[in-house]
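The values are calculated or read from the model by the stated rules, or taken from the named source; none is laboratory data. Keep in mind the model is a prediction, meaning the values are calculated, not measured. Here the Cβ is made from the backbone with ideal geometry for all residues, glycine too, and neighbour counts use every protein chain on show. These area figures cover heavy atoms from the full protein model, side chains too; ligands, DNA and RNA do not enter into them. Shrake-Rupley method; radii C 1.70, N 1.55, O 1.52, S 1.80 Å.
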Amino acid sequence: MSGFDVQQFRSQFTFFQLQPDWVYLDNAATMHKPKAVTDAVQRFYQQQNSNVHRGAHQLSQRATTEFEQARDIVASFINAKHRHEIIFTSGATAALNQIAFGLMHTVLQPGDRILLTQLEHHANIVPWQLHCQRHGIHIDVVPLNSSLQLDLAAYQQLLLQKPKVVSFSHVSNVLGHIQPVQQMVAMAKAAGAITVIDGAQGVVYQQPDMQQLDCDFYVFSGHKIYGPTGTGVLYGKTALLEQLTPLLAGGEMIEQVSFVNTTFNKLPFRLEAGTPNIAGVIGLGAALQWIQQYNNNDLIQHKSLLLKAFFSGLAQIKGVDILSMPVHNAGIVALNVDSEHPSDVAAMLDQQQVAVRSGQHCAMPLFSYLARPGAVRCAFAAYNTLDDVNRCLLALEQAVEILTA
Ligand code: PMP
């Protein structure tokens, strides 16, 4: 039996104590932070506040130690083989931009192909497109099947075209569907492709194991896993990280600079130009340490209970069109109400203090495919309760009544 106590878990988030009336279901956009994280960030600014890797004084040395400890925490959290394979970025977007830019100048050549999927976030489309168009590289797209899961037979066919890079999300930020990443990586590797996983929504669902998954790159944002905004992780295998052309250049990432030439620092610093988000990274370390007190299977089970209750409640509300599938779902439900605009539905929920997101969720190609103007997205986190589910259902029922009257 699960020993998970949602009230104990929730009590660690100051937000819910200060704002008890809110039902927060916008977790796929960003999550609330436990006190362990806000305390770590505050303590850094109040008691240390020094730059890293360069100070002659003890405060800077202590900041460096804590910052580098966060790297160890991340490396161990995702079971990376080496700590230098963890590059801190400002988020998943920055990490994907670094990978696309970095490969484009070294590995990818005109005429090459890269493979994306129909349900990618713009952050895993546009950075590729920006360079592909300029360098004559072709983008192919894995289609969806009728259950809005990736069509693996079509994926296998597209792999026959020998793409140099295959990049896909671990969990869809719109539908919540969990992709069979282990299988997809194995298939891509058998076809000789470099594999990139956008783990922005996946990392909080299932602690990924880099050595087991064996992907070449995995990226995520700190703020979607209880950490501060402006933090992110680019994991990459050493040999590939060494081939990436740095997207950002400046201090920290160099070894020798003259007006004629520059030689670069070793990993991870080579890809971390400028002063990093020191307090944020320390906060991210605190977030990952904090969440590891809990058994992830308990969190998964709790979220699946919420999801089950939500889906069965939705089935009772006339006019609700659910896009997401209840199976292989990480806790995100995209829905529409008849032909009402999703932002009208979200505005009515907001009046009931139910926070959801509406629109196309940075996934326009998915909505073109679905032929819908957008959707309302309810994204559950482990701190949500059955009461949150019921309040959202009630607010939706009222919204349907008013909008369709
Ligand atoms: N990929 C996915 C799947 C996402 O959900 C998001 C955030 N919505 C991103 C990438 C980009 O993350 P960020 O804005 O934190 O860089």
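The residue that is nearest to residue 270 (Cα to Cα), counting only those in segment 63-104 that are of a type in the set (S, T, N, Q) and more than 16 Å from the ligand (Cβ to nearest atom), is 64.
Strands (runs of 3 or more DSSP E) wholly in segment 313-405 with at least 1 residues that are in contact with a helix residue (DSSP H, G or I) (Cβ under 9 Å, 6 or more places away or on another chain) and open to solvent by 50 Å² or more (accessible area, probe 1.4 Å) - which ones? Those strands (runs of 3 or more DSSP E) span 320-322, 357-359. Every listed requirement among (1) within 16 Å of residue 237 (Cβ to Cβ); (2) touching a Pro at 6+ places or on another chain (Cβ under 7 Å); (3) small (Gly, Ala, Ser) is met by residue 100 save one, (1).
Per-residue answers, yes or no, for (1) within 18 Å of the chain's Cα centre (by Cα); (2) without any contact (Cβ under 8 Å) to a residue 24 or more places away in the chain; (3) not assigned by TED's automatic domain parsing to the domain that holds residue 396:
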site	(1), (2), (3)
247	no, no, yes
280	yes, no, yes
285	yes, no, yes
301	no, no, no
308	no, yes, no
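Please go through segment 81-123 and give me each residue that is open to solvent by 10 Å² or more (accessible area, probe 1.4 Å), in a loop (DSSP other than H, G, I, E, B) and closer than 28 Å to residue 174 by Cα, ordered by number. Scanning segment 81-123 gives 90, 118, 121.
The one condition from (1) surrounded by 22 or more Cβ atoms within 10 Å (Cβ to Cβ); (2) on the phi > 0 side of the Ramachandran plot; (3) more than 16 Å from the ligand (Cβ to nearest atom) that residue 216 does not meet is (2). Does residue 130 satisfy being within 16 Å of the ligand (Cβ to nearest atom) and surrounded by 17 or more Cβ atoms within 10 Å (Cβ to Cβ)? Spelling it out, it is not the case that residue 130 is within 16 Å of the ligand (Cβ to nearest atom) and surrounded by 17 or more Cβ atoms within 10 Å (Cβ to Cβ). Taking the listed residues 147, 76, 90, the one that is modelled with pLDDT under 95 and among the small types (Gly, Ala, Ser) is 147, with no other qualifying. Here residue 15 passes the criteria (1) of a type in the set (Phe, Trp, Tyr); (2) surrounded by 15 or more Cβ atoms within 10 Å (Cβ to Cβ); (3) touching a residue at least 24 places away in the same chain (Cβ under 8 Å) except the one numbered (3).
For segment 42-73, residues that are open to solvent by less than 90 Å² (accessible area, probe 1.4 Å) and either not in a helix (DSSP H, G or I) or not assigned by TED's automatic domain parsing to the domain that holds residue 222 (or both) total 6. Check whether at least one residue in segment 161-177 is open to solvent by 10 Å² or more (accessible area, probe 1.4 Å), outside any loop (DSSP other than H, G, I, E, B) and away from the ligand (no atom under 16 Å from the Cβ), and report yes or no. No, there is no match, as no residue in segment 161-177 is open to solvent by 10 Å² or more (accessible area, probe 1.4 Å), outside any loop (DSSP other than H, G, I, E, B) and away from the ligand (no atom under 16 Å from the Cβ). If the condition is being assigned to a strand (DSSP E or B), open to solvent by less than 10 Å² (accessible area, probe 1.4 Å) and in contact with a Ser or Thr (Cβ under 8 Å, 6 or more places away or on another chain), then segment 222-268 contributes 232, 233, 234.
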